[in-house]
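The values are calculated or read from the model by the stated rules, or taken from the named source; none is laboratory data. Here the structure is a predicted model, which is why all the values come from computation and not from measurement. Please note: Cβ atoms are built from the backbone with ideal geometry, for glycine as well, and neighbour counts cover all protein chains shown.
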Amino acid sequence: MPRYEQIASDLRDRIRSGEYAIGSTLPTYAELTETYGVGRGVISAALGVLEREGLLRIVKRAGIRVLDWQLQRRRISRGQLIYRDPVRGYVGPAAASPDEPWDTHGRPTAGYEPTPERVAELIGVEPGIALLRRRRVTSPAGEPPFQVVDSWISAEAVRDAPQAAEPSTGPGGYLDRIEEAGHGPLAWREFGRSRLPNREEAALLDISTESPVLELMWAGTSSSSGRVVEVTVRVIPADRVELVADLTRHDTAQWPVAPVGTGLE
């Protein structure tokens, strides 16, 4: 076993045993190099392994902090049903049920930001064009930040539903305002992929930039114009979720299987 893997294994055991508690900091790079008798490069490689496992987050001038590695995964059922809460409006796919209580961390923001390439492609604008972005960081009640939610709203939708750009959008949220302005009912298509978080996302979720995230993107299409008028992007630490879907047999996969040559197969 390479030396950096030996060190990673030792630190992993000490974290999981509670010697280095959740929320505490590990010794400094200098102290670790002295303890293990290796150079800084070997320590960096060992810490990189633990960062990718979601055990650590290395923050400049703040030290090497132990993350909450005991958080349970949430199962997200991948179906085709959209749920609705009478007050909150449409409920995102991470919720276990429409009435599950969720917390908001920090203050939600709304402002004009350069549009990421994939969002710009879906809405039909040039990447980097400033569009309205509504951002919030949320989690199931009592849990640490679970997801960063960015909702990008087209200029067309803001023009028709200006309240969507205001801090308070009223019962049901900005989606209700967009639908009431003539774009309802919206139809959504979901896109999913894994990637690494950017520094801002990692800081908001309190994870390492080396820890993969799951990106779930909903594109809402207007029923009147046929164009995508809003794209909501949810970024969730990948080790916090497990996707679950029930599979359905096609006619070609029925059981019992007909014997070959009977004409029934």
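Of T248, T221, which residue is farther than 30 Å from A164 by Cα and surrounded by fewer than 21 Cβ atoms within 10 Å (Cβ to Cβ)?
The unique qualifying residue is T248.
Give the residues of region 183-207 that are more than 21 Å from R84 (Cβ to Cβ) and in contact with a Gly (Cβ under 7 Å, 6 or more places away or on another chain), sorted by residue number.
I207
It is to be established whether one or more residues within region 167-175 are within 16 Å of L216 (Cα to Cα) and either assigned by TED's automatic domain parsing to the domain that holds W218 or among the acidic types (D, E) (or both).
Scanning region 167-175 turns up no residue that is within 16 Å of L216 (Cα to Cα) and either assigned by TED's automatic domain parsing to the domain that holds W218 or among the acidic types (D, E) (or both).
Quick one: which residue in Y29, Y4, Y83 is of a type in the set (S, T, Y) and either farther than 30 Å from V235 by Cβ or surrounded by 18 or more Cβ atoms within 10 Å (Cβ to Cβ) (or both)?
Within the list Y29, Y4, Y83, the selection yields Y4.
Within region 157-168, how many residues are among the charged types (D, E, K, R) and crowded, with 19+ Cβ neighbours inside 10 Å?
Within region 157-168, residues that are among the charged types (D, E, K, R) and crowded, with 19+ Cβ neighbours inside 10 Å number 1.
If I go through region 104-122 residue by residue, how many of them are loosely packed, with under 13 Cβ neighbours inside 10 Å and β-branched (V, I, T)?
1
Answer yes or no: is there a residue in region 185-199 that is surrounded by 11 or more Cβ atoms within 10 Å (Cβ to Cβ), under 20 Å from G111 (Cα atoms) and out of contact with any Ser or Thr (no Cβ under 6 Å at 6 or more places or on another chain).
Yes - at least one qualifying residue is present in region 185-199.
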